[in-house]
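The values are calculated or read from the model by the stated rules, or taken from the named source; none is laboratory data. Note that the coordinates shown come from a computational prediction; the quantities given were computed from them, not determined experimentally. As a convention, Cβ positions derive from the backbone with ideal geometry for all residues, glycine included, and neighbour counts pool all protein chains shown.
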Amino acid sequence: MTTRVRFAPSPTGYLHIGSARTALFNYLYARNTGGKFLLRIEDTDLARSTEESTRSILEGLAWLELEHDEEIVFQSDNADKHRATALKLLEEGKAYRDFTPREAPSDANVKDAIKERARANQGEKNMRDNQYRDLAKEESDAKAAAGEPFAIRLKVAEHGRTAFDDAVYGIQERDYAETEDLVLLRSDGHPLYNLAVVCDDIEMEISHVIRGQDHLTNTHKQILIYEALGVTPPTFAHLPLIMAPNKGKLSKRKHGEVVSMTTYRDAGFLAAAFRNYLALLGWSASEEQEIYTLDELIAKFSLSGIHRSNAVFNFSPDDPRKWTDDKAQWMNAEYIRTMPLVDLLPFVKAELKAAKLWREEYDEEGVALSANIPSTADLGPDGRPETVALDPREVGSRDWLIYTIDLIRQRFFTLKDFSTQGRAYFSEDFDFDPAAVAKNLTKFPDLKQWLPELADRFEAEFHSSPPYEGGVGAALSGRGGSRPFNEENIEIVVKAFTEEKGTKLGVIMNGARTMLTGVAVGPSMLSVFEIIGLERTLMRLRSQVAWNL
RNA sequence: GUCCGGUUCGUCUAGGGGUUAGGACACCGCCCUUUCACGGCGGCAACACGGGUUCAAAUCCCGUACCGGAUACCA
């Protein structure tokens, strides 16, 4: 028998981080067992469901690349079947009409009202004391025929207990006395959640129900429905919940965008990284590995690896650096700097395009951007990916792009960094980080003269022909009299210049870094000079913009 | 209130009768370095509490505390 699982969100908001993890676990289990991963939109409560929300959920799933099998099922489409099922149970005497007038739904604090009511009952309430429970069939039929509104309730037996063996929480038992005669059909004829879920799960031939632990008590109710219907229930696996830092409920109202999947997409997270992070929240393969490819997750996933205790999603709203979970951020950075360049490039391309920093020259006619990357997936002797062996000197070329990305990604955390922190590599229109300017420029007023002078020196050393009189030109390497603007040569020139000025190399280098890139961090400065290229270096060193801020 | 579940470093977790209680993130220090949020090395830091079983308990049992979930004609 093949496994059939489903992810069944109710479309009352975007894809929440907890739901996303539920979807992921269902997906992993389906793929692990060679089964089907189905999607069902639980829009039974039409008043609260929105199309917008359905779209947003689908978007989130698409971003995470959790592709579902078969057609999406909309629960509202099956309302007639649900109704028929309730009527059938009524016919069979397994349910009854409850003519008690419907209570006005308390709008504001439903949750609190319910809790209050439950507390007031002091556990003394007899769940079977409904006056219509044992009403004679004729009388019930007559009242119904007379047009009296009624809800249909399941007739739960007086004595006994429901039991099931949860794949995560083990044997769960509950005395019937704890379960009320649940409503299957509202007095307006509308089917309710528990009925709808059971009917649909049966119809969809679901073999495993993997969902949040908040459904643990619903499961007992649902089992009663399965029993009344004479259908063997599926296997249940309940997941621990994902909590806010204070161990309270994680919600949009309280915590805002951090809980929405699209936030991560928009913040430049890689789906693969976020998936990896999510997989490790409440599940582990009992080993020390942290980074898993999707295939590895699929291969290693098992219900027995799911935890029973809730996990905290850690973040501090008041600290911009920790706006979301540290580990999620680390994982994303780890992916960005170590994943095969071939896989990273399409994402960088999309980011640069969106920021209007993409140049046609980066694309080669009919060749995928990644096509000519040498085996960058191979790890170097230090366990890190090898640096790409391309010629970066033609600034703005395809080779230059790939080389540059590989260099700058080492200090990036999100895809956004390519268009923000790394903006100066791709555009003349970039901002200066005030802190960098203060630390590397204004602190050394001499640089205001020195850096343009350095530009002149570069121009003389690398441009003039014959070589610059009295310069270091003769020491520069190159073939046939050419003096390429490469790391080796740049170092010679900058060192000579520094000695001349009687200052420290760091002062010149850091000043130049800020002038060239607008920021204080980045790869080796010699590489930066090289990938910025001679022309842009001259221009930026001579620019006074940073000094006038 | 009642029912159900949970509790190992700040966080995610490994371990489930004998371990110097392991790893990751975060934090701190040192190294590398012209910078750095890369990298390398190191450090700080945990078995909720009380009983019991046992030669031996973080691990098994009971209780307490705390946390969470559920308790709708919501899903």
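Figures for the structure shown
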item: Close pairs (7 angstrom Cβ cut-off, 6 or more residues apart or separate chains): on the phi > 0 side of the Ramachandran plot in region A:146-174, more than 7 Å from RNA strand B (Cβ to nearest atom) and not in a loop (DSSP other than H, G, I, E, B) anywhere; result: A:GLY160/A:TYR176
item: Pairs where the first residue, in region A:293-319, is touching a residue at least 24 places away in the same chain (Cβ under 8 Å) and the second is in a strand (DSSP E or B) and within 14 Å of RNA strand B (Cβ to nearest atom), C-beta under 6 Å, 6+ apart; result: A:LEU303/A:ALA237; A:ILE306/A:TRP283; A:ASN310/A:MET243; A:ALA311/A:ILE242; A:VAL312/A:MET243; A:PHE313/A:ILE242
item: Subset tally (residues that are in contact (Cβ under 8 Å) with a residue 12 or more places away in the chain and not in a helix (DSSP H, G or I)) for region A:424-454; result: 8
item: Residues satisfying the stated conditions in region A:233-243, i.e. in contact with a helix residue (DSSP H, G or I) (Cβ under 7 Å, 6 or more places away or on another chain) and near RNA strand B (Cβ under 9 Å from one of its atoms); result: A:HIS238, A:PRO240, A:LEU241, A:ILE242
item: Flag if A:THR54 is touching a Pro at 6+ places or on another chain (Cβ under 6 Å), surrounded by 16 or more Cβ atoms within 10 Å (Cβ to Cβ) and assigned to a helix (DSSP H, G or I); result: yes
item: Complete set of residues in region A:183-200 that are within 20 Å of A:ARG40 (Cα to Cα) and either surrounded by fewer than 24 Cβ atoms within 10 Å (Cβ to Cβ) or touching a Ser or Thr at 6+ places or on another chain (Cβ under 7 Å) (or both); result: A:HIS190, A:PRO191, A:LEU192, A:TYR193, A:ASN194, A:LEU195, A:ALA196, A:CYS199, A:ASP200
item: Elements of type strands (runs of 3 or more DSSP E) contained in region A:147-187, each with 2 or more residues being out of contact with any Cys (no Cβ under 6 Å at 6 or more places or on another chain), near RNA strand B (Cβ under 7 Å from one of its atoms) and over 15 Å from A:ASP129 (Cβ atoms); result: A:170-175
item: Restricting region A:57-96 to residues that are of a type in the set (D, E, K, R) and more than 30 Å from A:GLU227 (Cα to Cα), the residue that is surrounded by the most Cβ atoms within 10 Å (Cβ to Cβ); result: A:GLU59
item: Members of region A:36-56 found to be more than 22 Å from the chain's Cα centre (by Cα) and of a type in the set (Lys, Arg), listed by number; result: A:LYS36, A:ARG48
item: Residues satisfying the stated conditions in region A:97-121, i.e. of a type in the set (Asp, Glu), at pLDDT below 80 and surrounded by 10 or more Cβ atoms within 10 Å (Cβ to Cβ); result: A:ASP112, A:GLU116
item: Count of residues meeting criterion [of a type in the set (Asp, Glu) and over 18 Å from A:MET539 (Cα atoms)] in region A:411-446; result: 3
item: Pairs, first farther than 21 Å from A:ALA460 by Cα in region A:519-546, second polar (S, T, N, Q) and within 15 Å of RNA strand B (Cβ to nearest atom), C-beta under 7 Å, six or more apart; result: A:VAL519/A:GLN421; A:ALA520/A:ASN440; A:ALA520/A:THR514; A:PRO523/A:GLN410; A:ALA546/A:THR514
item: All positions within region A:410-441 that are away from RNA strand B (no atom under 15 Å from the Cβ) and in contact with a Phe, Trp or Tyr (Cβ under 9 Å, 6 or more places away or on another chain); result: A:PHE426
item: Elements of type helices (runs of 4 or more DSSP H) contained in region A:476-535, each with 1 or more residues being more than 9 Å from RNA strand B (Cβ to nearest atom), exposed (fewer than 15 other Cβ atoms within 10 Å of the Cβ) and modelled with pLDDT under 90; result: A:487-501
item: Selection within region A:1-33 - of a type in the set (A, V, I, L, M, F, W, C) and touching a Gly at 6+ places or on another chain (Cβ under 7 Å); result: A:VAL5, A:LEU15, A:ALA20
item: Verdict on A:ARG337 being under 27 Å from A:LEU407 (Cβ atoms), part of a helix (DSSP H, G or I), in contact with a strand residue (DSSP E or B) (Cβ under 9 Å, 6 or more places away or on another chain) and not acidic (Asp, Glu); result: yes
item: The one condition in (1) within 9 Å of RNA strand B (Cβ to nearest atom); (2) in contact (Cβ under 8 Å) with a residue 12 or more places away in the chain; (3) surrounded by fewer than 16 Cβ atoms within 10 Å (Cβ to Cβ); (4) not in a helix (DSSP H, G or I) that A:THR217 fails to fulfil; result: (4)
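This table checks each residue for (1) at pLDDT below 95; (2) within 24 Å of A:GLY248 (Cβ to Cβ); (3) within 16 Å of RNA strand B (Cβ to nearest atom).
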{"residue": "A:ASP295", "(1), (2), (3)": "no, no, no"}
{"residue": "A:PHE301", "(1), (2), (3)": "no, no, yes"}
{"residue": "A:ILE306", "(1), (2), (3)": "no, yes, yes"}
{"residue": "A:PHE313", "(1), (2), (3)": "no, yes, yes"}
{"residue": "A:ALA328", "(1), (2), (3)": "no, yes, yes"}
{"residue": "A:VAL342", "(1), (2), (3)": "yes, no, no"}
{"residue": "A:GLU361", "(1), (2), (3)": "yes, no, no"}
{"residue": "A:VAL367", "(1), (2), (3)": "yes, no, no"}
